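Single-structure report; data block below.
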Amino acid sequence: MVKSTNRIKKFIHWDKLRLVIAQKTIYKKLLGWFLLLTLVPLLIASSLTFFSSKDALVREINNNLITITRSKAEQLETYINNTKLNVVMLSHMPTITEMIKLIEEDPTATSNEVRQEILKFNLFLTEYFKNAQYRNVVLLNTQGQILFDYTDRQNSFRQSLQTVPPDSELKLVFEQAKTLQEVNISNFFYDRRLRTPSFLIAAPVLERKRVIGVLVIQIDDTVFSQTVNNYTGLGLTGETLVGIKTEDSIVLVSPTRHNPNAALEYREPLVSESLSPLQQAVRGTISYGRMRDYRDRITLAAWRYLPSLDGGMVVKIDEAEALKAVVTQRNSFIVLVTLTAIIVAILSRYIARSIAYPIIQLSKVVQRFAQGYLSEQAPILTQDEIGFLAESFNQMSSQLNQTFQSLETINHALEERVAQRTVELEKAHQKILNLNEQLTAENLRMSSELEITRQLQRMILPKESELTRIDALEIVGFMEPASEIGGDYYDILSYGDRVFIGIGDVTGHGLESGVLMIMVQTAVRTLIASEETNLIKFFEVLNRTIYDNVRRINSEKHLTLALLNYQEGTLTLSGQHEEVILVRANGSVERIDTIDLGFPIGLDDNIVDFIAQSTIHLESGDIVVLYTDGITEAESPENVQYGIDQLCRVVQKNSHRTAQQIREAVIDDLKHHIGVQTIYDDITLVVIKQR
Amino acid sequence: MLNLFKNKKWLIFLILVSFFAILLLNPLLGRTQNTPIKVGILHSLTGTMAISEKPVVEATLMAIEEINQQGGVLGRRIEPIVVDGASNWDTFAELAEKLIVEDQVLTVFGCWTSASRKTVKPVFEKYDHLLIYPVQYEGLEISPNIFYTGAAPNQQILPAVKWAFNNLGKRFFLVGSDYIFPHVANTIVREQLSALDAEILGEEYLGLGTTQVQEVIEKILETQPDVVINTINGDTNIAFFNELKKANITAESIPVISLSIGENELQSFDPSIVEGHYAAWNYFQSIESLENEKFIHNFRKKYGEYRMMSDPMEAAYVGVYLWKQAVQKTPNFDIELLRENLKDQSFSAPHGPVYVDHQTQHLWKTVRVGKIDQNSQFKIVWSSGKPVRPIPYPMYRSETDWQKLLQQYQLQWRGQWSNPRTE
């Protein structure tokens, strides 16, 4: 049965299965698995059934053969035993005993009595033979001499007794009967006279328990062969072989179905490398199996030993005939399986298709949807999950479609608005461009105006040559306006032995600041020229003048202003401005705060209450530095203010030098501090050194 | 392709297929049992009969082992249960009962002496069991519960005597052990010899195991027969032949045909003592046949290079194989059916084909006479050529008459099967 499993596994085609797994369409996948799941179990089941029924059939046939063999053997044994018994019974008959004794006494049958008896005996035997189907009777004495031979009865009255020919079956069977004192059967031999295979049965003839002779009956093989060649249960090709051992071979003793001349002709050696069934049978083995027979056909055979003949019997039938039923069964199995397979295949196709179709349809619709045909709807073909899927898809797709539609509408509207806005923007842009042009023109004009004002501012500043004419003091000044005019003011006026120094810073930047600065310079000069010595009056008039002018030009600006008045070593200071730095000749630094010395000019109409004065005595080498916040608030690139301390330090460091040198030093240091930073405010510096 | 096999689905599919295949195939394959078939081996391992019976046990066991190696019977092992009858017939009967009732064996292979067999016969008939008996014996017995694989009288005694009559002379002396076999054998011989018109010069019996053979030797010397028919059993034979030699009786002067001496027993003899004498058996070690070659080879391989084979050993061996063939047709192990199936068996035995005779449950066996040579082997001097049908009841008397004879002995011997001598 193990063989069958292997055969089954080979039925499965691995390639086909691989295809089943790797299919890319659902239809083919379904179809593949359907076929696999139905056909494979079908194949397995029908194969198993087939093999088991084949085995059952083979067992059946073998049993049949064994039964036939057994019954045939029994028949043969019975026949032989009965025949033997008949011979034994015959040997007990007084007639026989008498004949032997009679002929022994008178071997050549000289006496009439004897001849009479012999004739009677012949008649008796003739009758007997008719019934018993015997062919010959021989009587022998204990020496092995033939006393009587029925077939030779014509010549019964011979000269002398013949001895049994040596090496003849007759001799053998006689010896056995005599020695073993019991009925004996010879081998089969071919009787030329009778022209038929026959055998002998010999029985000792006893008188008062003594052997006086041997009775031998010759029987032909008619009945024997009939029994052997009864083909009941052996179909068309079945036959029986009966073989007897001779000295060197096994010889068949009856004709076979396929070879009518086999009797005493067909021989097999007694032994060979592997024993044939006949060889096994004559050696005593009972068995069955497949064998290739003398016709070179495969047969199923059963064989056994025949004790009476000391031979063997083989009953066989062609395997082809025996297994015809199996072949038929196999064929019908194949037809059945094929039919079923076809039906299954057809049904599977239909089922697979019916399952796959809605899916395919849905998939197609979805594909088209994905390509942009948004109004595609899937057909609802079934009521199962695929149907639900299709429904849901349809809902989803119509929603999507609607959304798209509305989006499109919105899009359009947006586009329109955008177009509108763009137009508006274009207009606005155009306006801006125009304005820009105007501004640029304005700017141009302004900068030219500013340029003029700057020039004016510069022109107002005291010249170098004026300053060198002042004997008592070394005075130098420095002004560098910022890009936008800051409105810093300083002036140095000398009248006789008096020197007037003024410094101030107008708020803000621009033209107005510059103009105001010019006004202040003119006003101060006017007042100084008028020799107004009353400080309070001086400032009052100056303030009123500036204040009124400022009102008129509608400006918000004002200025800080400090005035210094030098006369013979005494410096008076008034007006609110930055701290005044005083560096004595010994290097000590003083800072004079001007916050309480005045009030910004042009801010209020009445500042008389705020004016005050401070007096400084200058020794030789003392330095006074005046500046605007453009210096102290100048930022470095790190946005660090220059600071008044630094200014003091530089002045202090250079206090032994000339005013000019001090100015240079400060400016250098300041410039160094500023670096690349933008200058937001005018830089004004006045250095005064008492000579 | 290989990628597929990594796929779990594939694996599951294969497993399922194999599972169902195995499930379906299992009942068709047929289940094999593991429980062994028990058989009993009932012989004398000790006592006077041990010398003869132990080799028979060995041959029986060898046959069982061979069958087990080939897969057993109906797929099951045979398990032999060996017991020792100790040359005591009552012990035999007790052990037979034990084997049948307690050990529940399917069959018993055993017995040698007719006394032992006659004593256990009622046990086997009581339990309707099965005994396979491997030794030549006097016949006069057919039991439905015993199969006899040894020679019946017409397969040993009668042909031997006839051959002796034909070849050695007409004046016979009979000597045997004092139990049922030699007595019955000699009765048969007497009948046969009178039918042949031969002379019986003496008939003597020696107690089993005795060595006091001088009286018998003297009688032989006195009567000077042409041939002695010897049915002594056991080691008394050693004493007998020794004494013959001492008395200067040679095989040429007075040949002895023994019916109970085989190659095995010859081992105990000095070859010079027995050379030239005769024995009659179905099996001789010197038989040339494929089956015998194999038989001798296997036995020597298992038990030793110098072991000798004898007829009862072969008969025991053959008995096991015939039994095995019958069991194979008896799957339900019903003993009655087993006996029926045993009746139809034949086998290619070492000594020739054997066939179980339905009516008598004896075997058809070929008969031979052998002459002892200097190698303690037998040269075959005569053979029946083909197997002879067994006739347990020789034709000289009717069955009833034979039974009466047996009963007479039993009475004489106070219910025993051997003469209860006190010596």
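Is at least one residue of region A:397-420 under 30 Å from A:Ala370 (Cβ atoms), touching a helix residue (DSSP H, G or I) at 6+ places or on another chain (Cβ under 7 Å) and in a helix (DSSP H, G or I)?
yes
Can you tell me how many residues in region A:540-568 are closer than 12 Å to A:Val524 by Cα and among the polar types (S, T, N, Q)?
Summing the residues that are closer than 12 Å to A:Val524 by Cα and among the polar types (S, T, N, Q) in region A:540-568 gives 2.
Matching residues to (1) in contact with a Gly (Cβ under 7 Å, 6 or more places away or on another chain); (2) outside the structural domain of B:Ala50 (by TED's automatic domain parsing); (3) more than 23 Å from B:Gly262 (Cβ to Cβ):
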residue: B:Leu99; (1), (2), (3): yes, no, yes
residue: B:Leu106; (1), (2), (3): no, no, yes
residue: B:Thr113; (1), (2), (3): no, no, no
residue: B:Phe124; (1), (2), (3): no, no, yes
residue: B:Leu130; (1), (2), (3): no, no, yes
residue: B:Gly139; (1), (2), (3): no, no, no
residue: B:Lys162; (1), (2), (3): no, yes, no
residue: B:Leu168; (1), (2), (3): no, yes, no
residue: B:Arg171; (1), (2), (3): no, yes, yes
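Give the residue, chosen from A:Val650, A:Val640, that is within 27 Å of A:Arg469 (Cα to Cα) and among the aliphatic types (A, V, I, L, M).
Working: A:Val640 fails: within 27 Å of A:Arg469 (Cα to Cα).
Answer to the selection: A:Val650.
Could you please let me know if A:Gln367 is surrounded by fewer than 16 Cβ atoms within 10 Å (Cβ to Cβ) and either more than 30 Å from the chain's Cα centre (by Cα) or not in a helix (DSSP H, G or I) (or both)?
Numbers: surrounded by fewer than 16 Cβ atoms within 10 Å (Cβ to Cβ): yes; either more than 30 Å from the chain's Cα centre (by Cα) or not in a helix (DSSP H, G or I) (or both): no.
No: the conditions fail for A:Gln367.
Tally the residues that are in a strand (DSSP E or B) and of a type outside the set (D, E, K, R), restricting the search to region A:428-486. Write out each step before concluding.
Keep residues of region A:428-486 that are in a strand (DSSP E or B), which gives A:473-480.
In the following step, the residues that additionally are of a type outside the set (D, E, K, R) were identified as A:473, A:475-479.
The number of residues fulfilling the criteria is 6.
Of all residues being surrounded by 11 or more Cβ atoms within 10 Å (Cβ to Cβ) and modelled with pLDDT of 75 or more in region B:1-15, which is nearest to A:Leu37 (Cα to Cα)? Just the residue, please.
Here the answer is B:Phe13.
Looking at (1) of a type in the set (Val, Ile, Thr); (2) under 23 Å from B:Thr236 (Cα atoms); (3) not assigned by TED's automatic domain parsing to the domain that holds B:Thr236, which is the only condition B:Val356 fails?
Only one criterion in (1) of a type in the set (Val, Ile, Thr); (2) under 23 Å from B:Thr236 (Cα atoms); (3) not assigned by TED's automatic domain parsing to the domain that holds B:Thr236 is unmet by B:Val356, namely (2).
Please report, ordered by residue number, the strands (runs of 3 or more DSSP E) entirely within region A:246-297 with at least 2 residues that are out of contact with any Phe, Trp or Tyr (no Cβ under 6 Å at 6 or more places or on another chain) and surrounded by fewer than 19 Cβ atoms within 10 Å (Cβ to Cβ).
Numbers: elements: A:249-252, A:267-269, A:287-292.
Counting at least 2 such residues, we get A:267-269, A:287-292.
When residues of region A:602-638 are filtered for being loosely packed, with under 14 Cβ neighbours inside 10 Å, of a type in the set (Val, Ile, Thr) and not in a helix (DSSP H, G or I), how many remain?
1
Output the number of residues of region B:287-310 satisfying the condition of being touching a strand residue (DSSP E or B) at 6+ places or on another chain (Cβ under 9 Å), at pLDDT 95 or above and more than 14 Å from every other protein chain (Cβ to nearest Cβ).
Residues meeting the conditions: 0.
So is B:Lys98 in a helix (DSSP H, G or I) and at pLDDT below 95 or not? It would help to see each step written out before you state the result.
On the way: in a helix (DSSP H, G or I): yes; at pLDDT below 95: no.
Against the criterion (in a helix (DSSP H, G or I) and at pLDDT below 95), B:Lys98 does not qualify.
Given the criterion under 28 Å from A:Ser249 (Cβ atoms) and in a strand (DSSP E or B), identify the matching residue among A:Ile201, A:Ile212. Quick ask: steps written out before the conclusion?
Values: A:Ile212 fails: under 28 Å from A:Ser249 (Cβ atoms).
Selected residue: A:Ile201, the only one of A:Ile201, A:Ile212 that is under 28 Å from A:Ser249 (Cβ atoms) and in a strand (DSSP E or B).
So how many residues does region B:125-147 have that are under 23 Å from B:Glu336 (Cα atoms), aromatic (Phe, Trp, Tyr) and crowded, with 23+ Cβ neighbours inside 10 Å?
2
Among the candidates A:Pro197, A:Pro165, single out the residue that is away from chain B (no Cβ under 14 Å), at pLDDT 80 or above and surrounded by fewer than 16 Cβ atoms within 10 Å (Cβ to Cβ). Don't jump to the end; show me each part of the working.
Working: A:Pro197 fails: surrounded by fewer than 16 Cβ atoms within 10 Å (Cβ to Cβ).
Exactly one residue qualifies, and that residue is A:Pro165.
Being outside any helix (DSSP H, G or I) and surrounded by 19 or more Cβ atoms within 10 Å (Cβ to Cβ) is the requirement here; does A:Val87 meet it?
Values: outside any helix (DSSP H, G or I): no; surrounded by 19 or more Cβ atoms within 10 Å (Cβ to Cβ): yes.
So A:Val87 fails the test.
Which pairs have Cβ atoms under 6 Å, sit 6 or more apart or on different chains, and link a residue in region A:297-317 that is away from chain B (no Cβ under 14 Å) to one that is among the acidic types (Asp, Glu)?
A:Arg297/A:Asp318; A:Ile298/A:Glu319; A:Thr299/A:Asp293; A:Thr299/A:Asp318; A:Thr299/A:Glu319; A:Leu300/A:Glu319
Return a yes/no flag: does region A:240-262 have any residue that is away from chain B (no Cβ under 14 Å) and on the phi > 0 side of the Ramachandran plot.
No, the conditions are met nowhere in region A:240-262.
In region A:229-258, what residues are of a type outside the set (A, V, I, L, M) and out of contact with any Asp or Glu (no Cβ under 8 Å at 6 or more places or on another chain)? Give the steps one after another, and end with the answer.
Step one: list which residues in region A:229-258 are of a type outside the set (A, V, I, L, M), which gives A:229-233, A:235, A:237-240, A:243, A:245-249, A:254-258.
Once the filter is applied, which keeps residues that are of a type outside the set (A, V, I, L, M) and out of contact with any Asp or Glu (no Cβ under 8 Å at 6 or more places or on another chain), region A:229-258 yields A:Asn230, A:Thr232, A:Gly233, A:Glu239, A:Thr240, A:Thr246, A:Glu247, A:Asp248, A:Pro255.
If A:His577 satisfies every condition in (1) free of Cβ contacts under 8 Å to residues at least 60 places away in the same chain; (2) surrounded by 15 or more Cβ atoms within 10 Å (Cβ to Cβ) but one, which is the exception?
(1)
Using beta carbons and a limit of 6 Å, which pairs, at least six apart or on different chains, have the first residue in region A:266-283 and within 13 Å of A:Met313 (Cβ to Cβ) and the second one among the acidic types (Asp, Glu) and part of a strand (DSSP E or B)?
A:Leu278/A:Glu268
The values are calculated or read from the model by the stated rules, or taken from the named source; none is laboratory data. On a predicted model such as this, the values are computed, not experimentally measured, just so you know. All Cβ positions, glycine included, derive from the backbone under ideal geometry; neighbour counts span all protein chains shown.
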